[in-house]
Amino acid sequence: MKIIDKLLLKPTDFKPSFIDWEIKGILNPGAIRLADKRVLLYVRVAESVQGKKGGMTCPIMSSEKEYKFDYEEISKEDIVRMGRWGEMYLKDGLCRLPTISHFKKVILAKNGFNIERLNDKPVFTGVPGDGDYGVEDARIVKNGGNYLMTYVSVSYNDGVSTSLAVSKDLVKWERKGIIFREQNKDAVIFPEKIMGKYVALHRPEGSFEFSRPSIWISYSPDLIYWGRERSIVQPRTNGWDHDRIGAGAPPIKTKNGWLEIYHGVIKKNDITYYNVGALLLDLKNPEKILARSPLNKPLISPTKTYEKTGYMNNVIFPTGAIMDLNGKDIILYCGGADSVISAKKLSIADIFKSLEYY
Ligand code: MAN
């Protein structure tokens, strides 16, 4: 498959929020084409604060209005073990993150590849009760007259949930709170209602694991109350998407069906890989899977240096997709190794050719 790939953004392109903070990653952006055809990204900035005596300092949002924090000091003695992302599992059974994230705005030229403007000011952050420990992985879609943004909110009482914010102008966001409760990530909303309902894909996770984390569908009359849920796409035994999967970018409408770009995870010889694949869902009934990237052939694998090495090695994580102005290609915006953002242009015809049809 021919892919035009560009490393778009990296931590050194931005200034940390405070002088004693450090940017660990610029990753997993929401993307939307603006009315003037330029492209807006909401990039996730993950920052860390060095703790005292080898421990960790966890900032916790303390203000509705300003980017201001209280700090939880975590001493080395309190940490029982560290997770894959450096999450700290503490003696009292709770977990804390090594980074806190917010969104910054980037404007790209019409071609989706050239940076026109970077803004160091946070444009969307957690607030107390909605992302006390930050907001992550925006997915932005236009539905009717509204821009809808789903994002992971990591909160003191509500854990790792998915929240929704709605905007008319991509400037003022109205927070609607949690729409998919913990633990739930990778939620994307379709760009239009189907059979009179809003439709979302999301990825709940439980600790009582009968099944591996999969992509679920959910419907809503009003964007607030979601239901009629079921798992519609599952990880596959012996596939590149064996361990867990999650929706990537909001679905794109094509004449053949909804094109959904998703990520799949597999651990091989103790190394974890995040690959990218595609799904084609029926336009009228998105529960019906028409086609999928084959078991042995993801659409894109982490082969670039900036996907193989970084904060989390071997990760490509697509969260944004827009149509190229030629109407034939899509441009994906992906996190690379949880450290950087790349833009990748692929032809939709090539994607369709690569799929296995059911
Ligand atoms: C995982 C990773 C991190 C993220 C946390 C909390 O550990 O996806 O990037 O910060 O979950 O959502």
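Since every read-out is calculated from the coordinates, none of them should be taken as a lab result. Since this is a predicted model, take the numbers as computed values, not measurements. So basically every Cβ, Gly included, is an ideal-geometry build from the backbone, and we count neighbours across all protein chains shown.
Model label sites at Asn119 and Met1, defined 7 Å from Cα along the beta-carbon direction, differ in position by 3.2 nm. When you filter the GluC sites (Glu not before Pro) in the range 81-145 for DSSP loop state and at most 12 other Cβ atoms inside 10 Å of their Cβ, nothing is left. The Cα-based radius of gyration and maximum Cα-Cα distance (Dmax) for the range 101-258 are 16.3, 47 Å. With K and R counted +1 and D and E -1, the other residues having a Cβ less than 12 Å from that of Lys185 yield a net charge of -1.
Go through Lys65/Lys110; Lys121/Lys268; Lys65/Lys185; Lys37/Lys121 and tell me which ones have a Cα-Cα distance over 28 Å in this structure. Flagged as over cut-off: Lys65/Lys110; Lys121/Lys268. Couplings for the range 286-303, taken from phi via the Karplus curve 6.51 cos²θ - 1.76 cosθ + 1.60 with θ = phi - 60°, read x, 6, 8, 8, 8, 7, 8, 4, x, 3, 9, 9, x, 5, 9, 10, x, 10 Hz in order; Gly and Pro are left as x.
Relative to the globular-protein estimate of 2.2 N^0.38 Å, the Cα radius of gyration of the range 3-357 stands at 0.94. 3J(HN,Hα) couplings calculated from phi for the range 64-81 with the Karplus curve 6.51 cos²θ - 1.76 cosθ + 1.60 (θ = phi - 60°) are, in sequence order, 6, 9, 10, 7, 10, 9, 9, 10, 9, 8, 10, 8, 3, 5, 7, 8, 7, 7 Hz; Gly and Pro show x.
Above 20 Å, the calculated P(r) of the range 25-107 contains 47 percent of its Cα-Cα pairs.
Each Lys and Arg adds +1 at its Cβ and each Asp and Glu adds -1 at its Cβ; summed about the Cα centre, the range 201-358 shows a dipole of about 360 debye.
For the range 3-357, the relative contact order comes to 15 percent (Cα pairs under 8 Å, sequence separation of at least 6).
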